Amino acid sequence: MRNLYLVVATTFLLSACGGGSSGGSGGETPSLDTVSPIVTAPSSATFAAADASGTPASSDAIAAFLLEASATDDVDGAVTVTNNAPDIFPLGDRTVIFSASDAAGNPGTASAVVTVTDQTAPTLAVPADASFVAIASTGIAASDAALVDFLAQATATDNVDTAITVSNDAPATFLIGDTPVEFTAVDAAGNSVSASVVVTVTGASQAGSTEKGPLFNATVFFDYDGDKELDSNEPSTLTDIDGKYVLVETSDAPATYSVVVQMNDDTIDSISGESYANSGVKLESVKGSSVITPMTTLYSFAVSDLAEGEELGVEAFAVALGLPAGLNINTYSAFAKDEAGAYVDVAVASQVEAVAQSLMTTLEVISESIISISQTALQSDTGVSQAQAAALAMRSLTNVIVATVAKNTEAGAVADAVDFTNVDDIAEVNAAVLEGLSSGEAGSLGALLQAAAVVNGVTVDTAAAQ
């Protein structure tokens, strides 16, 4: 009985403890889960800063990056991954820890470095293309106030840096024509942006009028090389019905030059209708004059003959022409009108136009005399050209006027003027022409005759001409 009790008790205890035969149902002892999940972090990555504070973790790029992390467990399979990412990733490097735990509480981690850098170029705003007018043929210096203001209009902003400097490749001097200017902005990270504009520089505009009276359909040009001939690089235009013109300097312009009026086949005095076709007459003025007349032509000739350091007052020259004291022949227009369309200062204007007319008449008379003298000297029907005769006549008239100016400046002298309606004064001009008959100086009658004699194969008979 006792043995039976021990057997029963032993069997009961083994059954309660899961012992006994290995073939019995529920007899295995369960193992404990001690293995951590395997956490896989994304590769370290670099992202663009949104602003100076960095980039939010909620940005599409970073949010996608954080979701790339995963974890698996040998017991639980896929498990949830968390991270310690900040709300905003500042500029620079930040290590993110990715964590996961299984149901048994076993933890696993992995890390990745998030780098935030300034990758965005500044935003550059530049001014629109612009035009400027040069006061000299050399162009405009970049230090000119208008250009300084223009270049300063370029600005830049950046998503990270608060202050961005804009540079440009503007030349020290903007020449006449088009010059591209490139503006560049660079932030502290080296991101750059550029944009270009075109700066157009035009020459100084000179407006004026040609008067004897108003000359219509005459060619006006800037005589850069002083040869009195229109060359391909010299700006030119035709005068309108009021004798007016506008010309713009080019980069070829020298510091000083004359403005020349050339008569064409259809050039006329638009008031009187008088034609100047084939007259050979060319009028001119010094640079900066607002009118071109026979008087300004004489003055221009006189100025061109001055030695270095010499001066010739335009008002003193006007007095020697018989014009009112104080009159500036380079700016006075005899055909100026007021707002109502009436002529201004009719008395003075009439006097100026009368002198202009007498000058033109004298020029024609002297020119014809020169042609006649040349034909006699060359013993030919062909003498010097009409243009050569007109230029020589103008030069002779100029010399007489300059001599009169000189006499007027002498101590105690009474102001004198050349009267182009006076036979004696015209004879004085003729005498000035004949003085050059034996001269070989360029532009003199003697030099012109010698040149013509070579062309025609004849000799010059100076005695016959005198």
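Structure data summary
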| item | result |
| --- | --- |
| 1.4 Å probe accessible area per residue over region 189-297, in Å² | 38 Å² |
| Accessible area expressed per residue, region 309-421, with surrounding protein chains retained (probe 1.4 Å, Å²) | 47 Å² |
| Share of pairwise Cα separations in region 268-330, more than 17 Å, in percent | 49 percent |
| Ordering of 320-330, 79-89 by burial proxy (mean other Cβ atoms within 10 Å per residue, highest first) | 320-330, 79-89 |
| ³J(HN,Hα), Karplus 6.51/-1.76/1.60, whole Hz, each residue of region 155-163, x for Gly, Pro | 9, 9, 10, 9, 6, 10, 7, 7, 10 |
| Point-to-point label distance, N264-S290, nm (Cα→Cβ direction, 7 Å offset) | 2.6 nm |
| Distribution of pairwise C-alpha distances over region 327-412, 5 Å bins, in % | 3, 13, 14, 15, 15, 13, 10, 8, 5, 2, 1, 0 |
| Inter-probe distance in nm under a simple model that places probes 7 Å from Cα toward Cβ, at T256 and S58 | 7.8 nm |
| A71 long-range amide H proximity, modeled H, under 5 Å | T40, V79 |
| Computed [θ] at 222 nm, helices only, for the chain once each DSSP H run of length n ≥ 4 contributes -39500 (n - 2.57) | -9000 deg cm²/dmol |
| Residues with amide H under 5 Å from that of A57, placed H, sequence gap 5 or more | I88, F89 |
| Residues of region 40-83 with amide N under 18 Å of a point placed 7 Å along Cα→Cβ from S111 | 40-46, 66, 69-70, 82-83 |
| More than 19 angstrom apart: percent of Cα pairs within region 139-274 | 64 percent |
| Surface share of carbon and sulfur [accessible, 1.4 angstrom probe, percent] for the chain | 54 percent |
| Degrees, to the nearest 10: 445-456 long Cα axis against longest axis of the chain | 80 degrees |
| Viscosity 1.306 mPa s, temperature 10 °C, Stokes-Einstein D of region 110-210 from Kirkwood C-alpha radius, µm²/s | 101 µm²/s |
| Cα-Cα over 23 Å, subset of K228/K407; K228/K337; K282/K407; K212/K282; K212/K244 | K228/K407; K228/K337; K282/K407 |
| Lys/Arg +1, Asp/Glu -1 at C-beta; the chain dipole; positive extreme among T34, A163, L449 | T34 |
| Cα-Cα P(r), region 336-466, percent of pairs per 5 Å interval | 2, 10, 17, 18, 14, 12, 9, 7, 5, 3, 2, 1, 0 |
| Rg to Rh, two decimals, where region 235-352 supplies the alpha carbon set and Rh follows Kirkwood | 0.97 |
| Burial ranking of peptide ranges 57-70, 363-376 (average Cβ count within 10 Å, highest at the top) | 363-376, 57-70 |
| T421 long-range amide H proximity, modeled H, under 5 Å | none |
| For region 248-287 and region 109-139, distance of Cα centres in Å | 51 Å |
| Label point distance in nm, L67-T173, each placed 7 Å from Cα along Cα→Cβ | 6.5 nm |
| With 20 Å bins from 0: P(r) over the chain, alpha-carbon pairs, percent | 17, 28, 15, 12, 11, 8, 4, 4, 1, 0 |
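The values are calculated or read from the model by the stated rules, or taken from the named source; none is laboratory data. Here the structure is a predicted model, which is why all the values come from computation and not from measurement. As a convention, Cβ positions derive from the backbone with ideal geometry for all residues, glycine included, and neighbour counts pool all protein chains shown. Please note that ligands, DNA and RNA were not included when accessible areas were found on the heavy atoms of the full protein model with its side chains. Shrake-Rupley method; radii C 1.70, N 1.55, O 1.52, S 1.80 Å.
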